[in-house]
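Trainee: What follows is a single structure, and I will ask about it in a moment.
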Amino acid sequence: MGDRRRTGSAGGRLYSPGGCGCALVLAPLLALSIGLLLAMVGYALASVAMLAGAVAITVRLHRKRPEREAAGRGPGAWPLVAGALYLLSVPYLIFFIWFLFLSSPS
């Protein structure tokens, strides 16, 4: 009768969060970080598109300037649109380049 063994889930073992337990705890944080990365990349792509649009508007305004001056017309609201696109795209692109490429520890 001295050789009696304990059976059960708490048979003197301590739970270790290694392996699957740790992955389950960190899964929501990993999903959040992947979502934030995708949002940042999406906004960076939109910023590149806005910058390309602003450059195209600026080039078009510069090329059509003699025709507008000869006709006695002004540029309209297009310089405001180009300025807004520059203001929306350039600061984020600078931040994105710094955050993704320059701020990583060596």
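Trainee: Any idea how far apart I97 and A27 come out in nm if each label point goes 7 Å out from Cα toward Cβ?
Mentor: 4.0 nm
Trainee: Working out 0.36 nm times the residue gap between L45 and E69, then minus their Cα-Cα distance, what length gain in nm do you get to one decimal? All intermediate terms of the calculation are to be shown ahead of the outcome.
Mentor: On the way: separation 24, 0.36 × 24 = 8.64 nm, distance 3.57 nm.
This chain segment gains 5.1 nm when fully extended.
Bear in mind that the values in this text are calculations on the coordinates, not laboratory data. Source: prediction; values computed, not measured. Ideal geometry is used to build each Cβ from the backbone, glycine not excepted, and the neighbour counts take in all protein chains shown.
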